[in-house]
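The values are calculated or read from the model by the stated rules, or taken from the named source; none is laboratory data. The shown structure was predicted, so the numbers you read here are calculated from the model rather than taken from an experiment. Positions of Cβ are generated from backbone atoms using ideal geometry, with glycine treated the same way; all protein chains shown enter the neighbour counts. SASA here: full protein model, heavy atoms, side chains in, ligands and nucleic acids out. Shrake-Rupley method; radii C 1.70, N 1.55, O 1.52, S 1.80 Å.
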Amino acid sequence: MRQRLSYLFILYCFFGFSQVDKTSNTYFDLNYFSGNIALHNTDILHLISGRPQGFIFSWNKKTYGEEAWEQRFNYPDYGASFIYQDLVDERLGNNFGLYAHYNFYFFKRNLTLRIAQGLAYTTNPYDKIDNPKNIAFGTRLLSSTYLMVNYKKENLFKHFGIQGGLSLIHYSNANVKAPNTSINTIAFNVGVTYNLAEIEKEYIENLDEEKFTEPIRFNIAFRSGINQSDVIGSGQFPFYILSAYADKRLSHTSAVQFGVDAFFSNFLKELIYYQSVSFPEENVSGDEDYKRVGLFVGHELFINRMSIETQLGYYVYYPFDFEGRTYIRIGLKRYFRNKFFAAVTLKSHGAKAEAVELGIGVRL
C-alpha cells in the first residue's frame, strides 16, 4: 500500500506541476527499476531474499553553453533526484534518498551517464534486540551514491520521451557506526521523460580553446568526522586529518596531485586496546601508535566551481595493521573565490569504507 501511494504521489507531481513553458530548460523523468543485491560480502547473504525494486523521480535543468564549462562537458544537465527503494526483506526495510546529480551526454546525446550523490533514510536499521541480523546498516541516516546509464529519446509524443538502461545504487554509513557492510543494488530501469519546453534552444558553440597554463599550486586541507571500528558497541570517536599537497593543472578541466596525509584516528586507540586484551594470538601489545602517515597521488576533475577528486595513497608510517597499507579517497569539492574550498570525501581500503570526511582547505 505504501509503495502504491508513493507512486501516485510522484505521478501527481510529474503531471500536476508540469506547466508547459515554451522557453524552459527544465525536464522531469520518472524511472522504475528492479534488480538484485550484489553479493560483495558473503556476510550479507542471509539478507538477500528477493529482487529490490523502486522508482527514481528527477528534476533536471539543461545547459546550452552560456558558460565555458558547459561546452567543455558537452552541455550536461544538473538536477535533483528522489529514490524510493523496497529492499524486499523486512530486516532491511525500505530506503528513501535525496540526491544532487549531473547527466553527461554521449553518442549524439542519446546516451546519458548520471552521477548522483546524496543522503538516504532507512526504515529498519540494525538493533541488537529488535533487528540483530541487519548488519548492512548501523544507522538510519546513510550516505548514498547512484550511477545510471540510459539510452534516451526525448519528445517522441508531444513533450514525452522514453529511456531505459542500468543503475547501480549504493548505501553505506561509511563506518560512522557499526555494523556497516553496506548494500549495492544492480538494476534495470525504464522510464519516461517530460520536457517543459515546446521549442529546444540552440546550443552555443563559441568556445575559445586557448592553451591553459598555471604554475604548481600548494594546498593545505583539514578533514574531520566520527567513525567506529567493525566491533559493534566499541564506541564512536572523532578523527582528524591534516593534508598538504601540490597540484598541477594540465588543462581547464584536469589536474594531478602529490601530497602527504597525517591521520589521527581515535577509533584505532580503542581497537588496539580491544585486540590486546581479547585476542592474544594477534600479538598486539596495546602500546602501538594509533597515528598513520600516508603519501598519495591524485587527480582532480574540474566542473565549474565543483570538482571530483580521486586519490590513491600508501601508508609510510603504519605501526598498527588495519585493513592494509593502501587507501583510496574519492569525493566532491566546492571552490569559493578560486582559493578556498570545502569538501566531502570517502576514504576506504578497497571496498571497505573507513570514514566520510568533511573538509576545508586553501589553495595557494
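Criterion applied to S143, S182, S167 was being modelled with pLDDT under 95, more than 17 Å from I232 (Cβ to Cβ), surrounded by 15 or more Cβ atoms within 10 Å (Cβ to Cβ) and not acidic (D, E), and the one residue passing it is S143. Looking across L364, L358, L346, L332, one residue alone is farther than 20 Å from I220 by Cβ, open to solvent by 40 Å² or more (accessible area, probe 1.4 Å) and out of contact with any Leu (no Cβ under 6 Å at 6 or more places or on another chain). It is L346.
Within segment 80-98, residues that are closer than 12 Å to T122 by Cα and assigned to a strand (DSSP E or B) sit with their Cβ atoms under 6 Å from residues that are open to solvent by less than 10 Å² (accessible area, probe 1.4 Å) and aliphatic (A, V, I, L, M), at 6+ positions apart or across chains, in these pairs: I83/I56; N95/A120; G97/I83; G97/A120.
Mind checking whether some residue in segment 273-292 is touching an Asp or Glu at 6+ places or on another chain (Cβ under 9 Å), at negative phi, in a strand (DSSP E or B) and at pLDDT 95 or above? Yes, the conditions are met somewhere in segment 273-292.
Of all the residues in segment 56-66, those that are surrounded by fewer than 20 Cβ atoms within 10 Å (Cβ to Cβ) and either assigned to a strand (DSSP E or B) or hydrophobic (A, V, I, L, M, F, W, C) (or both) number 2. Considering S182, S265, S251, which residue is touching an Asp or Glu at 6+ places or on another chain (Cβ under 9 Å) and in contact (Cβ under 8 Å) with a residue 12 or more places away in the chain? From the options S182, S265, S251, the qualifying one is S265.
Would segment 319-331 turn up any residue that is of a type in the set (G, A, S) and assigned to a strand (DSSP E or B)?
The first filter runs over segment 319-331 and keeps only residues of a type in the set (G, A, S), leaving 324, 331.
When the remaining residues are screened for being assigned to a strand (DSSP E or B), the result is 331.
Yes, because at least one residue in segment 319-331 is of a type in the set (G, A, S) and assigned to a strand (DSSP E or B).
Taking the conditions exactly as written (under 31 Å from the mean Cα position of the chain (by Cα), on the phi < 0 side of the Ramachandran plot and open to solvent by 80 Å² or more (accessible area, probe 1.4 Å)), does K269 satisfy them or not? Yes.
For segment 39-55: of the residues being surrounded by fewer than 15 Cβ atoms within 10 Å (Cβ to Cβ) and assigned to a loop (DSSP other than H, G, I, E, B), which is nearest to the chain's Cα centre (by Cα)? Once the filter is applied, the top-ranked residue is H40. Of everything in segment 191-220 that is at pLDDT 90 or above and open to solvent by 90 Å² or more (accessible area, probe 1.4 Å), the residue that is nearest to P125 (Cα to Cα) is I220.
Scanning segment 45-66 for residues that are in contact with a strand residue (DSSP E or B) (Cβ under 7 Å, 6 or more places away or on another chain) and of a type outside the set (S, T, Y) yields I48, R51, P52, Q53, G54, F55, I56, F57, W59, N60, K61, K62.
Residues in segment 306-323 that are under 18 Å from the mean Cα position of the chain (by Cα) and open to solvent by 80 Å² or more (accessible area, probe 1.4 Å): 1 in all. In segment 107-116, the residue that is nearest to the chain's Cα centre (by Cα) out of those that are in a strand (DSSP E or B) and of a type outside the set (G, A, S) is I115. Can you list residue pairs whose Cβ atoms sit under 7 Å apart, with the first residue in segment 190-205 being closer than 21 Å to S58 by Cα and the second being loosely packed, with under 13 Cβ neighbours inside 10 Å and aliphatic (A, V, I, L, M)? Count only pairs 6 or more apart in sequence or on different chains. Cβ pairs passing all conditions: L196/V20; E198/V20. Just one of (1) open to solvent by less than 70 Å² (accessible area, probe 1.4 Å); (2) farther than 24 Å from T145 by Cα; (3) in contact (Cβ under 8 Å) with a residue 24 or more places away in the chain fails for K339. It is (1).
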